[in-house]
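Chemist: This is the structure, below, for whatever I ask next.
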Amino acid sequence: MFHFILRTVPRPILIKLSLIFSKVAPILYYGNKYEDPISGKTYRKFLPYGYGGRAKRTNVLCPGSLSLERHRLLWLYLKQKTDFFTKPHKMLHIAPEQCFYKLFKAQKNLEYTTGDYNSPIADIHFDLHKAPFKDNEFDVIFCNHVLEHVEDATQCMKELYRIMKPGGWGIFQVPLDTTRAITLEDKNIVTEEDREKHYWQKDHLRLFGLDYKDKLIAAGFNVTVDDFVNTISPELQERYRLPKGEMIYLCRK
C-alpha cells in the first residue's frame, strides 16, 4: 500500500498528506531501536521508501521527521563539518526537504529562501534552467535530488554557479551509480518503465556516474567529494540508518 501511494499520488498532494501522517506516525512506531539524529527521537523501526527497482528500500523513512537516510547523513555532516548552524548565511534551498525546512526557517543565522517548480512548501516557484535571482546572490545553496529530474542538468549546474556568491558553497546530492564511470543519459529511454529500469525511478531523466564531479567542475565549481559516512561507526550507521557508500558533494565558488 505504501509503495502504491508513492507511485500514484502527485507530488504536491503527497507532500501535504505526509505532513498529516508525520503527526501520528511517531505514536504508531514508538520504540528505541533506531534514532533520527535530526530530531533525537527514537523508533522501533523506520518505513520503506522508493518508487521501484533499486530505488525501493526498506527501513529508511523516519516516521516523525520524514527524513531519509541521505537527509540524516547530511544533517550530521552539516553539524560536524560546516559552519551552517553558527555563521550568518543567505541561503537558497531548492526542493526543500520536509525534514529540514521548518528547522532551517527557524534558524536565526539564516536568511532562508525555499524554491521549487511546484512544491506547496516552497516560497518561490521557478524553473531552475533560468533561476529568477541575480548573479552572486547566495552564500549557501542546497539542491539535492533535483538534477536527475531536469531537462538540461548542465544548464542547471551553471545557474547554481551563477547565483552563488564568490566564497559560497553548496551541496548538490544526486542518485549516483558508483559502478558507472559515465553518466547514462539516453534520449531513447522515454517510458516510465524504461526510466525505472535504467535510471532507478520513473521520473528520472538520467543516472549519474562517477563523472558527476567532472560535470560540476565544468560548471565552475571547486568540488570536494567527502566519504564522511565512513567516519561514523558501523553501530551508529545502523542506528541512524545511514546510506552506506554515500559521498557528500561539497561545491565551492
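The values are calculated or read from the model by the stated rules, or taken from the named source; none is laboratory data. Values in this document were obtained by computation on a predicted structure and should not be read as measured data. For neighbour counting, all protein chains shown are included, and Cβ atoms are generated from backbone atoms with ideal geometry for every residue, glycine included.
Chemist: Consider the stretch 211-226. How many of its residues are under 18 Å from the mean Cα position of the chain (by Cα) and without any contact (Cβ under 8 Å) to a residue 40 or more places away in the chain?
Modeler: Selection size over the stretch 211-226: 5.
Chemist: Can you pull out the residues in the stretch 33-49 that are at pLDDT 90 or above and assigned to a strand (DSSP E or B)?
Modeler: LYS33, TYR34, GLU35, THR42, TYR43
Quick grid of which residues meet (1) out of contact with any Ser or Thr (no Cβ under 8 Å at 6 or more places or on another chain); (2) modelled with pLDDT under 95; (3) small (Gly, Ala, Ser); (4) more than 25 Å from PHE142 (Cα to Cα):
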| position | (1), (2), (3), (4) |
| --- | --- |
| GLU185 | yes, no, no, no |
| GLN201 | yes, yes, no, no |
| GLY209 | no, no, yes, no |
| TYR212 | no, no, no, no |
| LEU216 | yes, no, no, no |
| THR224 | yes, no, no, no |
| ASN230 | yes, no, no, no |
| LEU250 | no, no, no, no |
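Chemist: Being basic (Lys, Arg) and crowded, with 20+ Cβ neighbours inside 10 Å narrows it down to one residue among ARG206, ARG180, ARG162; which is it?
Modeler: Working: ARG180 fails: crowded, with 20+ Cβ neighbours inside 10 Å; ARG162 fails: crowded, with 20+ Cβ neighbours inside 10 Å.
Exactly one of ARG206, ARG180, ARG162 is basic (Lys, Arg) and crowded, with 20+ Cβ neighbours inside 10 Å, namely ARG206.
Chemist: I'd like to check something: does the stretch 170-182 contain any residue that is out of contact with any helix residue (DSSP H, G or I) (no Cβ under 9 Å at 6 or more places or on another chain) and more than 20 Å from MET247 (Cβ to Cβ)?
Modeler: Pass one, the stretch 170-182, residues out of contact with any helix residue (DSSP H, G or I) (no Cβ under 9 Å at 6 or more places or on another chain): 178-182.
In the following step, the residues that additionally are more than 20 Å from MET247 (Cβ to Cβ) were identified as none.
Looking through the stretch 170-182, none of the residues is out of contact with any helix residue (DSSP H, G or I) (no Cβ under 9 Å at 6 or more places or on another chain) and more than 20 Å from MET247 (Cβ to Cβ).
Chemist: Restricting attention to the stretch 164-179, does a residue exist that is within 18 Å of the chain's Cα centre (by Cα), aromatic (Phe, Trp, Tyr) and closer than 17 Å to ASN144 by Cα?
Modeler: Yes: the stretch 164-179 contains one or more residues that are within 18 Å of the chain's Cα centre (by Cα), aromatic (Phe, Trp, Tyr) and closer than 17 Å to ASN144 by Cα.
Chemist: Output the residues belonging to the stretch 150-181 that are in a loop (DSSP other than H, G, I, E, B) and touching a Cys at 6+ places or on another chain (Cβ under 8 Å). Break it down into steps so the answer makes sense when it comes.
Modeler: Taking the stretch 150-181 and keeping what is in a loop (DSSP other than H, G, I, E, B), we get 150-152, 172-175, 177-181.
Once the filter is applied, which keeps residues that are in a loop (DSSP other than H, G, I, E, B) and touching a Cys at 6+ places or on another chain (Cβ under 8 Å), the stretch 150-181 yields VAL150, PHE172.
Chemist: Going by the conditions given, is PRO120 closer than 18 Å to PHE221 by Cβ and surrounded by fewer than 17 Cβ atoms within 10 Å (Cβ to Cβ)? Before the answer, list the steps.
Modeler: Working: closer than 18 Å to PHE221 by Cβ: no; surrounded by fewer than 17 Cβ atoms within 10 Å (Cβ to Cβ): yes.
Judged against the criteria, PRO120 is not a match.
Chemist: I need the full set of residues from the stretch 67-113 which are under 15 Å from the mean Cα position of the chain (by Cα), surrounded by fewer than 21 Cβ atoms within 10 Å (Cβ to Cβ) and over 22 Å from MET164 (Cβ atoms), in order please.
Modeler: Answer for the stretch 67-113, where residues must be under 15 Å from the mean Cα position of the chain (by Cα), surrounded by fewer than 21 Cβ atoms within 10 Å (Cβ to Cβ) and over 22 Å from MET164 (Cβ atoms): LEU76, GLN98.
Chemist: With respect to the numbered conditions (1) surrounded by 15 or more Cβ atoms within 10 Å (Cβ to Cβ); (2) at negative phi; (3) at pLDDT 70 or above, which one is the sole condition not fulfilled by TYR30?
Modeler: Every listed condition holds for TYR30 apart from (1).
Yes/no per residue for (1) within 27 Å of ASP177 (Cα to Cα); (2) among the hydrophobic types (A, V, I, L, M, F, W, C); (3) assigned by TED's automatic domain parsing to the domain that holds HIS149:
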position	(1), (2), (3)
TYR49	yes, no, no
VAL60	yes, yes, no
LEU78	yes, yes, yes
LYS81	yes, no, yes
PHE84	no, yes, yes
LYS87	no, no, yes
CYS99	yes, yes, yes
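Chemist: Here is a follow-up. With the requirement that a residue be in contact (Cβ under 8 Å) with a residue 24 or more places away in the chain and surrounded by fewer than 13 Cβ atoms within 10 Å (Cβ to Cβ), what does the stretch 123-153 give you?
Modeler: LYS130, LYS134, ASP135, GLU151
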